Every structure is written in C-alpha cells, then in structure tokens.
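**Q** I am attaching a structure below and will ask some questions about it afterwards.
The values are calculated or read from the model by the stated rules, or taken from the named source; none is laboratory data. As the structure is a computational prediction, the values presented were derived from the model and not from experiment. Positions of Cβ are backbone-derived with ideal geometry, glycine not excepted, and every protein chain shown enters the neighbour counts. These area figures cover heavy atoms from the full protein model, side chains too; ligands, DNA and RNA do not enter into them. Shrake-Rupley method; radii C 1.70, N 1.55, O 1.52, S 1.80 Å.
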Amino acid sequence: MSEPRLYFDSAASTPVRPEVWEAMQPYFREKFGNPGSLHSFGQEAIKAVDESREKIAKSLGADFRQIIFTSSATEANNLAFRGTIRKFWWNFFKKVEKTGSYLPHLISTAIEHESVLETLKDVQDRGAAKVTILPVNENGLIDPSAIKNALTPQTILVSVMYVNNEVGTIEDIKKISSIVREFRGNSAYPLLHTDAVQAPQFLSCNPDILGVDLMTLSSHKIYGPKGAALLYVRNTNLLSPLITGGGQEFGIRSGTENVPAIVGFAEAAELIMSEREALKDKISNLASRFVDGLRDSGVKFEINGFDVGNKSRISAILNLRFPGINAETFLTELDLKGFAASSGSACKARALTPSHVLQAMGLPGEKIKESVRISLHKFLTEEDIDRGVKIISETLSHSSRTKSINYETPADQI
Ligand code: PLP
C-alpha cells in the first residue's frame, strides 16, 4: 500500500480538526434553522451564533459586539477598507461640500495579501482614496518610522499585516500602533487595521494589547472550516456596511449567517488560542528538524527572510530557495511523489505570477523562480518531516528537468 500524501501547505488552508467537525455536525441537519426566524428552530440557530461570537470575543479579549462574522478574510479586508472609506465620506459629506475636494489617504505595505493590495488598488483607481504602499527590508520587515513619515492629516487608515503568509515575518504592530495613536491624538482617524490571519496559532491577537482598531481573522487557517472569518471592529460607528439587507451582524454585514461554519470557527479559535504555547514549541521543533534534515542530506538551499528560530518570524512558514530548480516543475514533481507545497499564496500560485512578497524583499526574478513555500501544521509528525526531507532530497538528486532554468529570464516575464 502506498504511503499517505504529505500536506505542507497549511498557510493556504489547514485541515479541519476533529473537535471542530464534531461541533459543526448538528447545525447541518437537526439544528438547521435560520437564525433570523422567531420559532424554536431559529432560536436554536441564533443561540449558536451568539455563543460562537461570545467564545471568540472572550478568546481574543474583545467585546461581543465588536466581532463581525464574514464569509472569508478577503471579505473582512474589503469591509475594513471600503467600509472605513464609505463611512468617512458619509460622515464628512457636508464638511466636504463646504471645504471642497478632500481625498482620504490610506497607508499599507508591499507584502500584504492580494485581498488587501487589490482592494487598495481598486479604491485608488476609482478615485475614492489616495494610497501609499510602503516598502519592506530584505527580511520582509516594515520600518515603523516609515509609517510615521507617511502619515498626513488626510490619513484615515493604516493597514499592516501581523504575520506575512509567504515568509512568516512578524511585523511590530504594537510599535506601529503607538505611532498611529500618537499621531491621531483625540481625533477619530487614522485607524489601524491588521490582517492577522496567519497569527493566532503563534501570537496573541488581543486587539487592546496590539492596539488595533480593526483586525481580520480567518477560520480555515486555524483548523476550522472554510466559509467563516471575522472582522474585529473597535468602533462600529466608524464602519459602513458593504452588504445591506436583513441587518444581520449588527447591521454591518447582512445575509443569513453560515451557522455551521461560524460554530466551527469559534471552536477552532478557542482551541488554538488555548494550546498556543505547546503548539509553538511543537511546530518550531518540526521546522528545525526539517531544515536540519535537509542540511544533513546535503541539500543546497537558502531561507528567504529570517532564519529559523529568529524571534521576528513564526516557524510554521518556511520559504526556501533551492538554487538551480524551477519551482513550478519542482512542485509538480514533489506533488507526484505525495508532497504538497506551494510557490506562494494560494491565489497567486494558480496564476503562476512571481511572488510580490519576494520581489518586495529585493529577490531577483531568477531567485524567486527557485523559491517554494513549505508550511507546517499541528498534525505533522517527526516521521512526516523525515519523509518530506527524503522526498525533497531524492527529487533534487534525480531530477534533470528541474535544472533546465534560463537565468536570463527577466523577473517580469516569469
Ligand atoms: N490574508 C492573509 C494573510 C492570508 O494568508 C489569506 C489567505 O491565504 C487571506 C488574507 C485570505 O483569506 P481567505 O481565504 O479567508 O479569504
């Protein structure tokens, strides 16, 4: 019998854990009611949504009314940006009429997820806001003083991700928060948003401790189901809805709630936050074993970004460059041998475009083409790690196709 496939792409999605699956089950069949209905079926469903909201709020250290469920982190990021801009226009409409044109300003970074960068590009292209995208250093770190210099009286929102999804770099959100808060003084703006999707397994996401006004989290990155995510909103008076209708989610996100997914998300969030310390150690040991195993097997590689063990990175996401390979061919060969990894974020990976994160870190095109993302999850064992190392090392030594790379190819043509 062939060995089970190995999954090394947890930054794209994690497997649903058994406890979560169990918790969700009743809400597909016997407790299927619409949370908006007044009868007992509806009561059962709204109770589950409310309990889930309470569970997540408590795990995060937030208030019940500050948790807005969405269908995905992509939607939550859209809500954060478009909802803030929309509310700003609404609040300031009369003032704008008096004072002439006033374009709100947003600040973000070059290594954000596509759901941030594409949304910001869209609002700028539509003339709804002016956007400043700040660079990062060779490890993917943003310099907080660059944010200080970019702030203007028109800045209404700063958005910096907590943990990067391609290289695992942790940004200094607390420091950025102190800069934003000092700048805004007693006024409402600028707000600070963080996309913390890759963080909760390893870092506290308490919005008060981080000092954020808006925060995005996603269920399927923490062993929950797809179809549920959230936006933490410190002050809902500063956010306009993008989806209007029945007034669910305190009027901020209408549409019948995805009850089973929300129940699963809450269960996953509570569990992951309670086991964070043990998990951190486990994944960090697995990551070291993986990297040491590759070195011991004589595999030539470099780590893009901070070295394993550095405090400014999470250990679960390894972005490795294997000189001489073509990542796409290499990943296909690995997949055929039962080892699933990726070349970047899931959306980008399908489009086969070079990673904007590695580009922003200054990697030339030929090195980006040699880079793969290997991300670890809690269900991997030491045996899985050793088998993964063996598959990589054998694939590299046997492959002739992976070595056919044209170093002359410019980055923009990859
Ligand atoms: N933000 C980050 C940092 C991510 O890694 C991802 C998914 O890869 C997203 C946002 C989008 O998440 P979702 O799949 O829930 O839309």
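**Q** Tell me which of these Phe330 doesn't satisfy, since it passes every other one: (1) modelled with pLDDT of 95 or more; (2) within 16 Å of the ligand (Cβ to nearest atom).
**A** (2)
**Q** Kindly establish whether Ala150 is more than 16 Å from the ligand (Cβ to nearest atom) and farther than 22 Å from Ala57 by Cβ.
**A** Working: more than 16 Å from the ligand (Cβ to nearest atom): yes; farther than 22 Å from Ala57 by Cβ: yes.
Yes, satisfied.
**Q** Then there's this: May I ask you to list the residues in region 1-47 that are touching a strand residue (DSSP E or B) at 6+ places or on another chain (Cβ under 8 Å) and either within 16 Å of the ligand (Cβ to nearest atom) or free of Cβ contacts under 8 Å to residues at least 40 places away in the same chain (or both)?
**A** Step one: list which residues in region 1-47 are touching a strand residue (DSSP E or B) at 6+ places or on another chain (Cβ under 8 Å), which gives 5-12, 15.
Passing the criteria: Tyr7, Phe8, Asp9, Ser10, Ala11, Ala12, Pro15.
**Q** Quick check, is Val212 within 17 Å of Ala80 (Cα to Cα), without any contact (Cβ under 8 Å) to a residue 60 or more places away in the chain and crowded, with 22+ Cβ neighbours inside 10 Å? Give the derivation first.
**A** Numbers: within 17 Å of Ala80 (Cα to Cα): yes; without any contact (Cβ under 8 Å) to a residue 60 or more places away in the chain: yes; crowded, with 22+ Cβ neighbours inside 10 Å: yes.
Yes.
**Q** Still on this structure, I have one more. If you go through region 129-161, how many residues are assigned to a loop (DSSP other than H, G, I, E, B), crowded, with 24+ Cβ neighbours inside 10 Å and not hydrophobic (A, V, I, L, M, F, W, C)?
**A** 1
Residue-wise test of (1) closer than 21 Å to Gly168 by Cα; (2) open to solvent by less than 50 Å² (accessible area, probe 1.4 Å); (3) not β-branched (Val, Ile, Thr).
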residue: Glu249; (1), (2), (3): no, yes, yes
residue: Val263; (1), (2), (3): no, yes, no
residue: Phe290; (1), (2), (3): yes, yes, yes
residue: Ser297; (1), (2), (3): no, no, yes
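**Q** Here's another thing I want to ask about it. Scan region 14-62 residue by residue and report those that are outside any loop (DSSP other than H, G, I, E, B) and open to solvent by less than 20 Å² (accessible area, probe 1.4 Å).
**A** Quick first cut of region 14-62, residues outside any loop (DSSP other than H, G, I, E, B) only: 18-27, 40-60.
Correct list: Val20, Met24, Gly42, Ala45, Ala48, Val49, Ser52, Arg53, Ile56, Ala57, Leu60.
**Q** Additional query: Taking the options Glu166, Glu118, name whichever one is modelled with pLDDT of 95 or more, within 16 Å of the ligand (Cβ to nearest atom) and open to solvent by 60 Å² or more (accessible area, probe 1.4 Å). So that I can check it myself, show each step before the final result.
**A** On the way: Glu166 fails: open to solvent by 60 Å² or more (accessible area, probe 1.4 Å).
Every option except Glu118 fails the conditions.
**Q** When region 63-84 is examined, which residues are found to be open to solvent by less than 20 Å² (accessible area, probe 1.4 Å) and more than 25 Å from Ser13 (Cα to Cα)?
**A** Step one: filter region 63-84 for residues open to solvent by less than 20 Å² (accessible area, probe 1.4 Å), giving 67-70, 73, 76-77, 79-81, 83-84.
Listed by number, the residues that qualify are Gly83, Thr84.
**Q** Does region 237-254 contain at least one residue that is touching a residue at least 60 places away in the same chain (Cβ under 8 Å), within 16 Å of the ligand (Cβ to nearest atom) and either part of a helix (DSSP H, G or I) or more than 16 Å from Thr14 (Cβ to Cβ) (or both)?
**A** Yes; the residues of region 237-254 include at least one that is touching a residue at least 60 places away in the same chain (Cβ under 8 Å), within 16 Å of the ligand (Cβ to nearest atom) and either part of a helix (DSSP H, G or I) or more than 16 Å from Thr14 (Cβ to Cβ) (or both).
Yes or no, residue by residue, for (1) more than 16 Å from the ligand (Cβ to nearest atom); (2) open to solvent by 10 Å² or more (accessible area, probe 1.4 Å):
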{"position": "Phe183", "(1), (2)": "yes, yes"}
{"position": "Asn186", "(1), (2)": "yes, yes"}
{"position": "Tyr189", "(1), (2)": "yes, yes"}
{"position": "Thr194", "(1), (2)": "no, no"}
{"position": "Ala199", "(1), (2)": "no, no"}
{"position": "His220", "(1), (2)": "no, yes"}
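**Q** Collect the residues in region 169-181 that are under 22 Å from Val233 (Cβ atoms) and open to solvent by 40 Å² or more (accessible area, probe 1.4 Å), keeping them in residue-number order.
**A** Step one: list which residues in region 169-181 are under 22 Å from Val233 (Cβ atoms), which gives 171, 173-174, 176-181.
Answer for region 169-181, where residues must be under 22 Å from Val233 (Cβ atoms) and open to solvent by 40 Å² or more (accessible area, probe 1.4 Å): Lys174, Ser178, Arg181.
**Q** What number of residues within region 333-354 satisfy the criterion of being touching a Gly at 6+ places or on another chain (Cβ under 8 Å) and modelled with pLDDT of 95 or more?
**A** Within region 333-354, residues that are touching a Gly at 6+ places or on another chain (Cβ under 8 Å) and modelled with pLDDT of 95 or more number 1.
**Q** State yes or no: is Val308 at pLDDT 95 or above and in a loop (DSSP other than H, G, I, E, B)? Let's see the steps before the verdict.
**A** Values: at pLDDT 95 or above: no; in a loop (DSSP other than H, G, I, E, B): yes.
So Val308 does not fit the description; no.
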